[in-house]
Amino acid sequence: MERYYTLAEGCPYASNSTSVQVRGGGGGLGLLQDTQLIETLAHFARERIPERVVHAKAAGAYGDFTVTNDCSDITSASFLNQVGKTTPVLLRISTVGPEAGSADTARDVHGWAMKLYTDEGNLDWVFNNTPVFFIRDPIKFPSLNRSHKRNPQTHLPDPNMFWDFHVGNPEGFHELLHLFSDRGTPASLRHMNAYSGHTYKFTTKDGSFKYVKIHIKTTLGIRNLTKEESTQLGGENPDFLIQDLFEAIEQGNYPVWNVYVQVMDPSQAEKYRWNIFDMTKVWPHEDFPLRKIGKLTMNRNPQNYFTDIEQAAFSPSTLVPGIAPSADPVLQARLFSYPDAARYRLGVNYQQLPTNAAKAPVYCPFQRDGLMNFSNNYGADPNYVGSSLQPTKFYQEVKGIGPSALSTLTEHEQWVGQVCSFQSHITDEDFVQPTALWEVLGKEPGHQERVFGNVAIHLRQVKSSRLRHAVYDLFSRIAPDLGAGVQKATEALVSS
Ligand code: NDP
């Protein structure tokens, strides 16, 4: 049937552009009975939902993940267990600190949130475009982000706060070097990598597991902007990266990434030089080479940005059998805080929204009611566990498999320890991997010099000479020439 205009509750209406008025003397008085006017105005005032406190500005697209290499020896995840098997994906790529209206070419870490709608439920990979992070104790997460956002008095982004935080928490200097390298300003989201950062576990039906880190690498080659280009684009087209991704997909120019894992046996973790639960560290490729498992192709734009992308909610706790979290304390905290943020931003039934709803069957009758529940709410089914009147069936019974197949529920390991604060003090070991990165950058002509300039235009705004010198000292712990180069470039700008 042809579509015709109605009010929100279906009442056909003759006009959508005239309010009802009692007219006289050239003016008009509104009437409470003008439901169209009242609903139009009331709904407009409520169009915005809370902006994400981090990762507000983003592009998004749909696509497919396809298994390219057998990895059934390391995971029982159903979506990974057959070469050629394809799983639909939603991807949202964001900057972190700035607001939704900010320039997406600004220097920032980029978030990479991916929802794989697998045949055993949704799997979210909530990654970044850098392999490490600024902190390794989750208590610091709000402070880190506030220091990258606006000053509480001036309401301005504030390099004084930014560098003050990082000098006080120098475990982040590895990530800072990534941020102020060319990769801090990607030229295109299609030409960018993503990394799990955290260690995860791949689990198998026999109850064993491997530690893994996941790498998603563009097949198009890395491309970055210079600081001059990113500044210019920030003024001329603050949505440059969103536009680039949308138009490429619209033109059938689909970006493709290869997906790899680094795989570590738990026995290796015990003796390894690096704490694999410390998010400020990578596993060097030499120790743990990449193993290809699949490829990702983004091939469909959202139909509606709000319903598809803005209402999307991602969480590292959204896992499927065969993949499990590790004991990384930052990951453990994110398992709580991401769904918590979604409940606040979208409401307690956010998992029912079309973009978040699993494509696999969902039967979760002990999660019911709540604001904006628009499911059938499980009808008359028992809303308590242990019913003999209508016993709950479990996956392993229906499929005829053992309970250990649901490996996220299986005890793989036993932990014995003391209750303590996670050690976040700094040692020389914390500067070893940043030094390796500094050497990697040194292999590209001019890259190290660009880092000096990238830091200098930001750090020059720090008023305190003591604070600036503390930054030089920390960069010098990575490499004396890095500290000296940053100092020279910054102080030249300060005194100019
Ligand atoms: P490798 O020499 O084996 O690897 C260095 C890696 O650095 C490359 O594989 C590449 O990763 C990445 N890289 C290359 N150019 C740049 C750049 N301009 N900016 C940022 N990263 C770049 O050495 P290691 O594995 O021992 O790592 C050395 C350092 O490289 C690490 O301390 C870390 O900072 C950085 N790195 C390491 C990664 C890892 O997981 N081991 C991943 C990414 C960076 P890619 O192919 O993923 O682009």
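In this entry, segment 1-47 is assigned a mean projected area of 4.4 nm², taken as a quarter of its C-alpha convex hull surface. Using the Cβ-Cβ distance between Ser267 and Glu39 with R0 set to 45 Å, the FRET efficiency from 1/(1 + (r/R0)^6) comes to roughly 0.10.
Separation of segment 70-137 and segment 270-305, taken as the distance between their Cα centroids, equals 9 angstrom. Summary of the geometry: segment 323-364 and segment 198-255, compared by the centres of their Cα atoms, lie 22 Å apart.
Which is the longest stretch in the chain that no exposed loop site breaks, taking sites as GluC sites (Glu not before Pro) with a DSSP loop state and at most 13 other Cβ atoms within 10 Å?
Working: sites that count: Glu2, Glu9, Glu47, Glu99, Glu286, Glu411, Glu413.
Result for the longest clean stretch: 100-285.
Shown here are the Rg and Dmax of the Cα trace of segment 87-132, at 12.8, 38 Å.
With all protein chains present, how much of the accessible area of segment 428-495 (probe radius 1.4 Å) comes from carbon and sulfur, to the nearest whole percent? C and S atoms contribute 57 percent here.
Annotation: Cα Rg of segment 105-234 relative to the compact-globule expectation 2.2 N^0.38 Å equals 1.24.
My understanding is that a pair violates if its Cα-Cα distance is over 31 Å; which of Lys210/Lys295; Lys140/Lys463; Lys85/Lys443; Lys57/Lys463 do that in this structure? The pairs that break the limit, which is 31 Å between Cα atoms, are Lys85/Lys443. Its alpha carbons considered, segment 178-322 gives a radius of gyration followed by a Dmax of 18.2, 56 Å.
Taking the protein heavy atoms of segment 1-147 in the context of the full set of protein chains, the accessible area attributed to carbon and sulfur is 56 percent at 1.4 Å. Compared with the rule-of-thumb size 2.2 N^0.38 Å for a compact globular protein, segment 287-390 has a Cα radius of gyration ratio of 1.36. Charged side chains reduced to their Cβ positions (Lys and Arg at +1, Asp and Glu at -1) give the chain a dipole of some 200 debye around its Cα centre.
Working value for the chain: equivalent-ellipsoid semi-axes of 40, 35, 22 Å, each the square root of 5 times a Cα gyration tensor eigenvalue, largest first. Computed over the Cα atoms of segment 428-495, the ratio of the radius of gyration to the Kirkwood radius (Rg/Rh) comes to 0.98. Under the simplified labelling scheme, the Val22-Ser465 pair shows an inter-label distance of 7.5 nm, with each label point 7 Å from Cα along Cα→Cβ.
Counting pairwise Cα distances across segment 101-180, what percent come out greater than 21 angstrom?
On the way: 1244 of 3160 pairs.
Distances greater than 21 Å cover 39 percent of the Cα pairs.
With no solvent and one point on each alpha carbon, what is the Debye value of log10 I(q)/I(0) for segment 319-363 at q = 0.14, 0.23 Å⁻¹? For segment 319-363 at q = 0.14, 0.23 Å⁻¹, log10 I(q)/I(0) is -0.45, -0.97.
A 1.4 Å probe run over the chain, with the rest of the protein chains in place, finds 51 Å² accessible per residue.
With equal scatterers on the alpha carbons only and no solvent term, can you work out the Debye log10 of I(q)/I(0) for segment 1-80 at 0.19, 0.23, 0.25 1/Å? For the requested q values the scattering log ratios are -0.98, -1.12, -1.19. With N counted as the residues of segment 156-213, its alpha-carbon radius of gyration over 2.2 N^0.38 Å works out to 1.69. The slack in the chain from Tyr5 to Ala333, taken as 0.36 nm per residue of separation less the alpha-carbon distance, amounts to 113.4 nm.
The values are calculated or read from the model by the stated rules, or taken from the named source; none is laboratory data. Just so it is clear, the structure is predicted and the values come from calculations on it, not from any experiment. Cβ sites come from the backbone with ideal geometry, for glycine too, and all protein chains shown count toward neighbours. Quick note on the areas: whole protein, heavy atoms, side chains included, nothing else; ligands and nucleic acids left out. Shrake-Rupley method; radii C 1.70, N 1.55, O 1.52, S 1.80 Å.
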